[in-house]
Amino acid sequence: MSVNVSNKVIIAADHAGYELKNEIADYLRSKKVDVIDLGTHSSDSVDYPDYAADVSKKILAGEAPLGILVCGTGVGMSIAANKFDGIRAAVVSESFSAQMSREHNNSNILCFGSRVVDLPKAKTIVDAWLGATFQGGRHENRLQKIKKIEEIC
Ligand code: RB5
């Protein structure tokens, strides 16, 4: 895996994503990625918006350029994270969309579901995402239009 964007990733999960989050964090560390793990740290039931907010705030504060959120489906995490201006959270279940979400959408948070993808699939998704680079150009223009939507909402 080549990490083009950063060597630092903030990761978090709710109880549904707890085990897969730990496995992905270990996988990233084995690839020499600097991982900041914001929890959860047990399988006790928690609320995914709290973790989506923690990671989103830290990304926006510049503590790391990229974050990963895991819940049961990835959907709740992505909905919550995308409430923050400047967060572009992509929920995906295969590596092509993960790659495109960086190259075309400049996604800064990756979301996936532990009840949707298994560990091998999650690894391919994470590899594709971290290995891709935003292409700019016409895609930058489209991101500016998203920014304008954020400003009027
Ligand atoms: C928790 O049961 C589940 O609702 C949550 O992990 C997530 O899938 C929500 O989108």
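Looking at segment 28-54 only, could you name the residues that are hydroxyl-bearing (Ser, Thr, Tyr) and more than 14 Å from Asp127 (Cα to Cα)? Passing the criteria: Thr40, Ser42, Ser43, Ser45, Tyr48, Tyr51.
Scan segment 56-105 for residues that are out of contact with any helix residue (DSSP H, G or I) (no Cβ under 9 Å at 6 or more places or on another chain) and among the aromatic types (Phe, Trp, Tyr) and jot them down. Listed by number, the list is empty, since nothing qualifies. Across segment 125-147, the qualifying residues are those that are within 20 Å of Ala80 (Cβ to Cβ) and open to solvent by 50 Å² or more (accessible area, probe 1.4 Å), and the one among them that is farthest from the ligand (Cβ to nearest atom) is Lys147. Residues in segment 20-53 that are assigned to a loop (DSSP other than H, G, I, E, B), hydroxyl-bearing (Ser, Thr, Tyr) and open to solvent by 50 Å² or more (accessible area, probe 1.4 Å) were compared, and the one that is farthest from Val75 (Cα to Cα) is Ser43. Only residues that are open to solvent by less than 60 Å² (accessible area, probe 1.4 Å) and in a helix (DSSP H, G or I) were counted in segment 62-88, giving 5. Of all positions in segment 8-27, at least one carries a residue that is over 16 Å from Val126 (Cβ atoms), at pLDDT 95 or above and hydrophobic (A, V, I, L, M, F, W, C).
The residues of segment 105-124 that are buried (at least 19 other Cβ atoms within 10 Å of the Cβ) and either in a strand (DSSP E or B) or away from the ligand (no atom under 16 Å from the Cβ) (or both), listed by number, are Asn106, Ser107, Asn108, Ile109, Leu110, Cys111, Phe112, Gly113.
The values are calculated or read from the model by the stated rules, or taken from the named source; none is laboratory data. Computed from a predicted model, the values in this text were never measured in an experiment. Every residue, glycine among them, receives a Cβ derived from its backbone with ideal geometry; neighbour counts consider all protein chains shown. Just so you know, the surface numbers come from the protein's heavy atoms only, side chains and all, with ligands and any DNA or RNA stripped out. Shrake-Rupley method; radii C 1.70, N 1.55, O 1.52, S 1.80 Å.
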